[in-house]
Amino acid sequence: MKKFLFIVVIALCYSCSSNKITEASIKKSMEYLASDELQGRATGSEGIEKAAVYIENYFKSNNIKPYFETYRDTFQLGEITGYNIIGVIEGNDPKLKDEYVILGGHYDHIGKGKL
């Protein structure tokens, strides 16, 4: 799971030209998303909601627009409503204005444990 979180966090960091990518900034995001505070991030849980808000706020603070009306792409897992967080970055060069980078991540995970 940590490898996956690392990939998501790196994708988040690389998308942001206003922030300098540092080991410390990647570590901070990874540690929060993998923290006990998020209680395993099970779909539909309070912990996954905190993770979603964290990622949405990161996108907002780095001028990453939502891909849909909001950042959340809703899905149903049985009776549970889940979300993927999806943002979009438009090209900023006149030649690339019609090209986009779509950022999304599967960030839920069920489980807690000690290493």
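Of the residues Tyr71, Tyr58, only one is under 22 Å from Ile102 (Cβ atoms) and in contact with an Asp or Glu (Cβ under 6 Å, 6 or more places away or on another chain); which? The match here is Tyr71.
To keep it simple, each residue is scored yes or no on (1) over 11 Å from the mean Cα position of the chain (by Cα); (2) closer than 15 Å to Ser29 by Cα.
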residue	(1), (2)
Glu56	no, yes
Asn63	yes, no
Glu69	yes, no
Arg72	no, no
Glu79	yes, no
Asn84	no, no
Asp93	yes, no
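Taken together, Gly82, Gly87 contain a single residue that is in contact with a strand residue (DSSP E or B) (Cβ under 6 Å, 6 or more places away or on another chain) and at pLDDT 90 or above, which is Gly87.
The test for being among the charged types (D, E, K, R), outside any helix (DSSP H, G or I), out of contact with any helix residue (DSSP H, G or I) (no Cβ under 6 Å at 6 or more places or on another chain) and at pLDDT 90 or above holds for Glu69.
The values are calculated or read from the model by the stated rules, or taken from the named source; none is laboratory data. Predicted model, so just to flag it, every value in this text is computed and none were measured. Here the Cβ is made from the backbone with ideal geometry for all residues, glycine too, and neighbour counts use every protein chain on show.
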